[in-house]
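I have placed the structure first, in the form of structure tokens, so that the comments after it can refer back to it.
What follows is calculated from the coordinates using simple rules that are stated; it is not laboratory data. For clarity, every value in this text was computed on a predicted model and none was experimentally measured. Using ideal geometry, Cβ is built from the backbone for each residue, glycine included, and neighbour counts are taken over all protein chains shown.
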Amino acid sequence: MPVAEEAQLTAEAMGNEVETINDIGVAGIHRLMSSRGAPRPRPRYRGVRRNGGRAAQRGRRPGLMPVIAVPTSVGYGASFNGLAALLGMLNSCSSNVTVVNIDNGFGAGYVASLINRP
């Protein structure tokens, strides 16, 4: 959460409107786009530029939208203080993925702001 909050504060400081949705999980990111199981109604996201600035413990299946991958130093199993997630994210073959350093919320917010520019 602290890394996600840092990303949010950075993006807001750069003039972006930010809405944070926590605990949807990377495996459930499709719920943002569908009407079934969505945390909020689908029409809310029509016409909105979507940026996936999200702290993650493991690199999973991005590709639906621009994703800013932020490996965190807090993980489970053999996370090696974020190194396992970082290497997994860097080796991803998915398009539209930007990887920042471990616990780099500032970098994630900055990249989200660059993506969000008109």
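Tabulated values for the structure
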{"quantity": "Of the chymotrypsin sites (Phe, Trp or Tyr not before Pro) in segment 61-115, those whose Cβ has at most 12 other Cβ within 10 Å and which sit in DSSP loop", "calculated": "Y76"}
{"quantity": "Computed label-point distance, nm, for sites S95 and N22 using a 7 Å Cα→Cβ extension", "calculated": "3.4"}
